[in-house]
Ligand SMILES: [Fe+2]
Ligand SMILES: [Fe+2]
């Protein structure tokens with residue numbers, strides 16, 4: 001029996017939602033906006049490919065897990081669509097970027113089913129280590145931002161941690177060849193990173209710099225590597241301005257040790273014998289689940305928590 005819960009949450013996003021929802025950490029805010037578009041495209045793909053895999057799943061417990069998994073993902077996609085629709089109303093040409101990301105994931109549905117399932121298992125395996133670093137620093141990376149947008153990401157990321165094993169359970173049941181998943185890694189991440197870079201480029205093209213407060217080079221994969229290395233060198237603030245590492249790098253609140261651990265766990269997430277259930281989890285996930293159980297308004301997590 002699956003432990004996953006389907007939480008139907010409706011986030012109210014309107015034109016008052018700012019593109020840059022985290023002015024204190026705009027590079028992270030930009031990265032999260034790109035994740036919001038990725039979520040729409042990727043989760044639509046997950047729902048379609050998991051539905052295709054369903055008839056091949058013989059074990060009823062796995063079938064139940066798969067059903068709960070795709071229903072959680074469908075809820076995520078629904079609310080990310082609302083978030084991005086609110087931004088598109090402010091920057092209409094941004095729709096081109098959204099459409100291109102969706103088309104790119106739609107094309108993956110032409111690949112063999114085993115590749116589609118490996119894709120989801122590979123990418124989902126990276127989420128727990130990445131979101132752990134983010135949620136371990138939610139006081140800096142989410143709390144100071146627009147409560148509605150921050151709350152969308154908190155909900156999504158804790159549920160990603162909750163269903164961290166699902167995609168691999170489905171992959172094992174249908175494909176059952178862990179080496180295939182590992183061999184697919186390179187092709188999977190070259191696709192993911194291409195879509196992610198195109199979204200960031202779309203932001204630079206369609207959203208004025210003053211509203212973004214950060215740009216492609218701060219949040220691209222190469223840019224983040226550069227930012228996180230340079231930002232960790234000891235230097236006076238004037239130099240930080242000169243090197244463009246002020247405002248802070250996307251993962252600024254994480255220590256060097258946490259970043260090295262993240263890199264190690266990302267590599268581990270792709271090896272054949274990876275066991276997501278054994279991953280260290282962000283303590284915040286349990287705090288969030290408890291808030292939800294107590295009936296807090298998780299669409300405005302921080303103001304609702306403050307109100308008790
Ligand atoms: Fe999701
Ligand atoms: Fe997921």
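Key figures for this structure:
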| quantity | calculated |
| --- | --- |
| When segment 36-97 is reduced to its Cα atoms, the Kirkwood hydrodynamic radius in Å | 12.8 Å |
| In degrees, nearest ten, helix 94-108 long axis to first principal axis of the chain (Cα) | 30 degrees |
| Label point distance in nm, residue 24-residue 143, each placed 7 Å from Cα along Cα→Cβ | 0.7 nm |
| Reciprocal of mean inverse Cα separation for segment 100-237 (Kirkwood radius, Å) | 17.4 Å |
| C-alpha long axis of helix 221-230 to longest principal axis of the chain, angle in ° | 50 degrees |
| Average projection area in nm² (convex hull over Cα atoms of segment 124-189, one quarter of hull surface) | 5.2 nm² |
| Hydrodynamic radius by Kirkwood, which averages 1/r over all alpha carbon pairs of segment 230-281, in angstrom | 13.3 Å |
| Percent RCO, i.e. relative contact order, over segment 170-308, from Cα pairs under 8 Å lying at least 6 residues apart | 19 percent |
| Descending semi-axes in Å of segment 99-150, equivalent ellipsoid built from Cα gyration tensor | 31, 16, 5 |
| Computed log₁₀ I(q)/I(0) - Debye formula, equal Cα scatterers, no solvent, the chain, q 0.12 Å⁻¹ | -0.80 |
| Cα-based helix-to-principal-axis angle, 256-268 vs the chain, degrees rounded to 10 | 30 degrees |
| Debye-sum result for segment 32-190 in log10 I(q)/I(0), which assumes one identical scatterer on each alpha carbon, at q = 0.14, 0.16, 0.17 Å⁻¹ | -0.73, -0.94, -1.04 |
| Equivalent ellipsoid semi-axes, segment 187-285, via Cα gyration tensor eigenvalues times 5, rooted, Å | 27, 21, 12 |
| Rg(Cα) / (2.2 N^0.38 Å) computed for segment 1-107, rounded to two decimals | 1.24 |
| Where labels lie 7 Å past Cα in the beta-carbon direction, separation of residue 233 and residue 293 in nm | 4.9 nm |
| Ellipticity estimate at 222 nm from DSSP helix runs (n ≥ 4, -39,500 (n - 2.57)) divided over the chain, nearest 500 | -22000 deg cm²/dmol |
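Every read-out reported here was derived from the displayed coordinates using simple, explicitly stated rules and does not represent laboratory data. Only a predicted model underlies this, so the values are computations on that prediction, with no experimental measurement involved. Virtual Cβ from ideal backbone geometry, glycine too; neighbours counted across all protein chains shown.
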